[in-house]
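> Quick one: the structure is below, and I'll ask about it shortly.
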Amino acid sequence: MTGPTPDHLRTRADGGRAVEYPPLPEPLPVGVYDNHTHLEIADGALPLDVHEHLERAASVGVVGAVQVGTDVATSRWSAEVAEREPRLLAAVALHPNEAPRLEASGTLDEALAVIDELAARPRVRAIGETGLDFFRTGDDGRGAQFRAFEAHLDIAKRHGLALQIHDRDAHDEVVETLRRVGAPERTVFHCFSGGADLARLAADEGWYLSFAGNVTFKNAENLRAALRVAPRDRILVETDAPYLTPAPLRGRPNAPYLVPHTARFMAEALGTDLDDFCSQLASNTVRVYGSWQDEPVLPIHQQGTA
Ligand SMILES: [Zn+2]
Ligand SMILES: [Zn+2]
């Protein structure tokens, strides 16, 4: 026994897997960002710590990541770790599958108030992941999901933050809610799971599509169709690590340092030059979340009258 485990640490639901992390891929020619990862979730035979994750990522051209919370403890940790680690920004929210549990225990409002507080922290640049998940939550949990999603939309808009949407088997209801309540200026479908029709609709609304490792899967022709119709300035890349490891590494743990597999695959699917594609991904990401570098503050003697 080594004492209590910190609150925020999680293990994959199918965890305890005696699998190794994959080797480092060939580095990307231009630095990109993983805009959605969960570094608090331990996976594999030898889990990596935050520093190891970011060192490996930097060594292959993945220069930063957005660390995403899914409940109060992981959101709080995400905000804190991003204040210590310049290669991380944070997103905070209650996952749509958490909302019904919180409502059942009478703590949903209290938890939303914590997210609202965390949203004011300087390295928190997005509210997410929030949205609707009709795959894991049945009819009885939908009321709580809608209520939480709408509250998160309000928090994002009041704080001027980006929004990261989790949409699983709920495309129509997610779009309807965004239109009815009003979407934040920078709205991202994390782990985009629609086809060309949803991609066109999102393009008309100015929303961003973030593609994860599943765009590389053999049966994911709908995702590749979406990628082909998405405007280039609305495309992002993510891992959703430790889940959704790209081909040909499926079954192994995922991590930000594996983004090059997905980015290369996407550039090839689009028939575009890898350098240009990576530059575009990087500028899209910074447009959505702001810079990873803290804003430079002028020394006192350089301020004032000119
Ligand atoms: Zn998600
Ligand atoms: Zn996620």
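> Step by step: first the residues of the range 94-114, then only those that are within 20 Å of the chain's Cα centre (by Cα) and within 16 Å of ligand 1 (Cβ to nearest atom), then the one that is most open to solvent (accessible area, probe 1.4 Å). Which residue is that?
GLU98
> If I filter the range 32-63 down to residues being of a type in the set (Asp, Glu) and in contact with a Pro (Cβ under 7 Å, 6 or more places away or on another chain), which single residue comes out as nearest to ligand 2 (Cβ to nearest atom)?
Per the stated criteria, the residue is ASP34.
> Just for the range 165-179: of the residues that are touching a Phe, Trp or Tyr at 6+ places or on another chain (Cβ under 8 Å) and open to solvent by 20 Å² or more (accessible area, probe 1.4 Å), which one is nearest to ligand 2 (Cβ to nearest atom)?
ARG168
> If you don't mind, another one. Test of understanding: among GLY143, GLY160, GLY182, which residue is within 20 Å of the chain's Cα centre (by Cα) and either away from ligand 2 (no atom under 15 Å from the Cβ) or of a type outside the set (Asp, Glu) (or both)?
Residue meeting the stated conditions: GLY160.
> Okay, next question. Here are some residues: THR272, THR239, THR187. Which one is open to solvent by 10 Å² or more (accessible area, probe 1.4 Å) and β-branched (Val, Ile, Thr)?
Values: THR239 fails: open to solvent by 10 Å² or more (accessible area, probe 1.4 Å); THR187 fails: open to solvent by 10 Å² or more (accessible area, probe 1.4 Å).
Every option except THR272 fails the conditions.
> If you don't mind, another one. Hey, among the residues in the range 80-139 that are of a type in the set (Lys, Arg) and part of a loop (DSSP other than H, G, I, E, B), which one's farthest from ALA156 (Cα to Cα)?
Top of the filtered list is ARG136.
> Within the set of pairs 6 or more residues apart or between chains, which connect a residue that is within 16 Å of ligand 1 (Cβ to nearest atom) inside the range 212-241 to a residue that is of a type in the set (Phe, Trp, Tyr) with Cβ atoms less than 6 Å apart?
Qualifying pairs under 6 Å: LEU236/TYR208; VAL237/PHE211.
> Now, a different point. Would you say ALA202 is surrounded by 22 or more Cβ atoms within 10 Å (Cβ to Cβ), away from ligand 1 (no atom under 16 Å from the Cβ) and within 26 Å of GLY271 (Cα to Cα)?
On the way: surrounded by 22 or more Cβ atoms within 10 Å (Cβ to Cβ): yes; away from ligand 1 (no atom under 16 Å from the Cβ): yes; within 26 Å of GLY271 (Cα to Cα): yes.
Taking the combined requirement at face value, the residue satisfies it.
> Quickly run through the range 30-68 and pick out the residues that are under 18 Å from ALA126 (Cα atoms), in contact with a Phe, Trp or Tyr (Cβ under 7 Å, 6 or more places away or on another chain) and part of a loop (DSSP other than H, G, I, E, B).
GLU40
The values are calculated or read from the model by the stated rules, or taken from the named source; none is laboratory data. Given the structure is predicted, the values throughout are model-derived calculations rather than measurements. Every residue, glycine as well, gets a Cβ built from its backbone with ideal geometry; the counts of neighbours run over all protein chains shown. Surface accessibility is based on the protein's heavy atoms, side chains included, excluding ligands, DNA and RNA. Shrake-Rupley method; radii C 1.70, N 1.55, O 1.52, S 1.80 Å.
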